[in-house]
Amino acid sequence: MAYEKLKQRVLEANLALVEAGLVVLTWGNASGADRDAGIMAIKPSGVAYSKLTAADIVVLSIKTGEIVDGGGRPSSDTPTHLHLYREFPSVNGVAHTHSLHATAFAQAKRAIPCFGTTHADNFYGEIPVTRDLTAREVESDYELNTGRVIVERFRQGGIDPDNVPGVLLSSHAPFAWGPTPQKAVENAIVLEFSSQMALAGLAIAPDMKPIPAYLLDKHFLRKHGPKAYYGQPKTGT
Ligand SMILES: [Zn+2]
């Protein structure tokens, strides 16, 4: 069957979001892209996670948005995912959840400051928050405009989506991404955990300050970029 491998990976990414406790009911979705094939695969709309199989995963053309495989309707958030794949070419996985603490920051319209090394290992600085969508942006092409305000936030802020693989959508919830669907899920987990730690820290010390720049650099750059040395040497690609 076509696209079997990607559909299986996207199924596993969706189930991993549930396993990590980031998804309540059906409030969340993960997708993955195959750049060579020009496609993305995503969870179908409104299907319970307990009943989800690889055959249910819907495959679409990144360029046209047309469904190329899978019988059901794709997640209603699909236009947001498509826009992120079109605008962030190194991203091959996107995860959206309404995880509790990250969503609290999103609803407060506050970025998540980088207070420590847990956050700094995956995000090179604060996790930004978008502006609110306008009434017109919500009325038509809502999900596409959601993608647009995310990209706008990164472009206007001069933020590299490879260095900051997630965002808070104002009044809504987080999106995270990465070079694979599995990495997008990991970043969604770190994003939630960092939010929870930030809230706890702010409760203890409301005037607490972000991590020193030299410590942020050390933790992010030892895992990312040309000088990375954390973990085992990479083989192959
Ligand atoms: Zn949502």
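The values are calculated or read from the model by the stated rules, or taken from the named source; none is laboratory data. Because the structure is a prediction, the values reported are computed rather than measured. All Cβ positions, even for glycine, are placed from backbone atoms using ideal geometry, and neighbour counts span all protein chains on display. Accessible surface areas use protein heavy atoms only, side chains included; no ligands, DNA or RNA. Shrake-Rupley method; radii C 1.70, N 1.55, O 1.52, S 1.80 Å.
Quick notes
- Among the residues of the range 6-44, the one identified as more than 17 Å from Ile62 (Cβ to Cβ), among the charged types (D, E, K, R) and surrounded by fewer than 16 Cβ atoms within 10 Å (Cβ to Cβ) is Glu19.
- Within the range 95-106, residues that are closer than 13 Å to Ser194 by Cα have Cβ atoms under 6 Å from residues that are assigned to a strand (DSSP E or B) and within 11 Å of the ligand (Cβ to nearest atom) in these pairs: Ala102/Pro174, counting only partners at least 6 apart in sequence or on another chain.
- Whichever residue in the range 183-215 is of a type outside the set (A, V, I, L, M) and open to solvent by 70 Å² or more (accessible area, probe 1.4 Å) and, among such residues, is nearest to Val18 (Cα to Cα): Glu186
- Cβ pairs under 6 Å, 6+ apart, first in the range 21-32 and within 11 Å of the ligand (Cβ to nearest atom), second among the hydrophobic types (A, V, I, L, M, F, W, C): Val23/Leu17; Gly28/Leu17
- The number of residues in the range 216-237 being in a helix (DSSP H, G or I) and open to solvent by 80 Å² or more (accessible area, probe 1.4 Å) comes to 1.
- Scanning the range 163-212 for residues that are within 11 Å of the chain's Cα centre (by Cα), assigned to a loop (DSSP other than H, G, I, E, B) and away from the ligand (no atom under 16 Å from the Cβ) yields Val164, Pro165, Pro179, Thr180.
- Residue identified as part of a loop (DSSP other than H, G, I, E, B) and open to solvent by less than 60 Å² (accessible area, probe 1.4 Å) among Ser76, Ser90: Ser90
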